[in-house]
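Asks: Input: one structure, supplied below.
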Amino acid sequence: MSGMHDCGGDAAAYALGALEPREADAFREHLRECAVCRDEVQALGAVVHALPMTPRQYEVPRGLRRKVLSQVREERRAPRRRSRLGLASPLRGVLAASVAAAAAVAVVLAGVGLSAGAPATVVRARTAGITGSAQLRVVRGHAELVVRHLTPPGRGRVYEVWLQSGTAAPVSASVLFTVDASGNADVGIPGGIRHVSAVLVTPEPLGGTAKPTHAPVIIAHLA
Amino acid sequence: MFNQRRNLRESADEDLMVLVRDGDARAFEVLFDRHAGPAFSLAYRMCGSRSRAEDVIQEAFLSLWRAGARYDPSRGSVRGWILSAVHNRAVDSFRRQAARPAGSLEEAGVIDRLASAELTEVEVERRADAERLRQALSELPDEQRKVVELSYFGGFTHQQISDMLSLPAGTVKGRMRLALTKLRLSLDEAGVIP
Ligand SMILES: [Zn+2]
């Protein structure tokens, strides 16, 4: 097959990403054994690599900058920092950067069936009006909200976490979060939840609000 | 740490990426300010609409924030990585929505053109190189420039382009090859590519 290949015929289209998927696969195979095409892809690829800078240059719209940076800061407030420990994804977001988190990791691991440390209590949460699942993992009075395959909060919105005690109005937990491309997030809830009777989540405008403006989409009742 | 923060604006992209991977929002901000302009300009050129370009940029930079760990310095510059993320996202969005701007994408004047006085030395250099390539592109015969633009900025395959332009199969590939070869020669002459 590769011997029949018209060398050079595909290199430019390949470098431009313009081959049909099946052709691209075949050409990649061919590249493994054809130095001529490899050289041509490299030479022409350098041109393609420079193309993204050729459009007329504009300033970033200010609103866009604000939107992206505020979302980043919000995600930073909700501790979903990546770890360097390389744990599999359901546990990865649990890891905060502090020393205290190291202890928390041990107990959450215990909660999912490994040994050592205090066990986590898992409270299944109800979702309303969105798809996906949510649960609260509680260890020694501290909680983490774990959501999976959750509908994203929507454009220009973010999920905000609320704590409710008895019949009092919900109070913001000062935690805003969004979900990753798979709809997942592990959200640490700061402070204790010993006197909290329910953890609620509402979609709110970026930046969050002082009072919920939307019916809860996640409700976790604590005993 | 204090020094590191104070010097963020002078830090190399690769060092900032390490901080971003560890969740440093200020390092992210510096990277955003350095690269979002060209990234937005590319997205705007591809999408032809400001709001779609903004969506692409937002997605691309948030994924950089969430998945910065995937950046591999051995495979190219941070600028190149960001621009190719933007390019891929724009092409994905065309293919997802089966819709994209047709024809020439000349920009409506709704966005501020960049004031070049604000550019750093590195950026001036980058843009001078880009200007040489832009010039070389504009000197290509129309039919060659068109296939490059449709494929790269429009995300069309050679097959789609031959259907669009009613050209026999193989002709589009041939034009792509001629175009890129000429561009490569003019970049070599200008010393843009060593
Ligand atoms: Zn070959």
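Asks: Within a 10 angstrom radius of the beta carbon, how do A:Cys34, B:Cys47 rank from fewest other beta carbons to most?
Replies: Details: A:Cys34 19, B:Cys47 23.
In increasing order of surrounding Cβ atoms, one gets A:Cys34, B:Cys47.
Asks: Using Cα positions and a limit of under 26 Å, work out the lysines in reach of A:Lys67, with same-chain residues fewer than 8 apart set aside.
Replies: Hits, sequence-local ones excluded: A:Lys211.
Asks: Given a cut-off of under 8 Å on Cα pairs at least six residues apart, what relative contact order in percent is computed for the stretch A:8-53?
Replies: Details: 25 pairs, mean separation 24.1, N = 46.
It rounds to 52 percent for the stretch A:8-53.
Asks: Another question, then. Calculated FRET efficiency, A:Arg56 and B:Val122, Cβ-Cβ r, R0 35 Å, to nearest 0.05? Write out the running numbers ahead of the final one.
Replies: On the way: r = 20 Å, r/R0 = 0.56.
After rounding, the FRET efficiency stands at 0.95.
Asks: Moving on. Given H placed 1.01 Å from N in the peptide plane, which residues other than close sequence neighbours of A:Thr151 have an amide H under 5 Å from its amide H?
Replies: Those lying under 5 Å, H to H, from A:Thr151 are A:Thr131.
Asks: Continuing with the same structure: With +1 on each Lys and Arg Cβ and -1 on each Asp and Glu Cβ, and nothing else charged, work out how big the dipole of the stretch B:119-194 is about its Cα centre, in Debye to the nearest 20.
Replies: Details: 11 positive and 12 negative charges, 66 e Å.
Roughly 320 debye for the stretch B:119-194.
Asks: While we're on this one: Enumerate the lysines that B:Lys173 could reach by cross-link, defined here as Cα to Cα under 18 Å, with residues fewer than 8 away along the same chain left out.
Replies: Straight-line reach from B:Lys173, under 18 Å: B:Lys146, B:Lys182.
Asks: Also: If you find the alpha carbon centre of the stretch A:5-38 and of the stretch A:126-198, how far apart are they in angstrom?
Replies: Centre-to-centre (Cα) distance: 49 Å.
Coordinate-derived values only; no laboratory data. The structure displayed is predicted, hence computed values, not measured ones. Cβ atoms come from the backbone with ideal geometry, glycine included; neighbour counts cover every protein chain shown.
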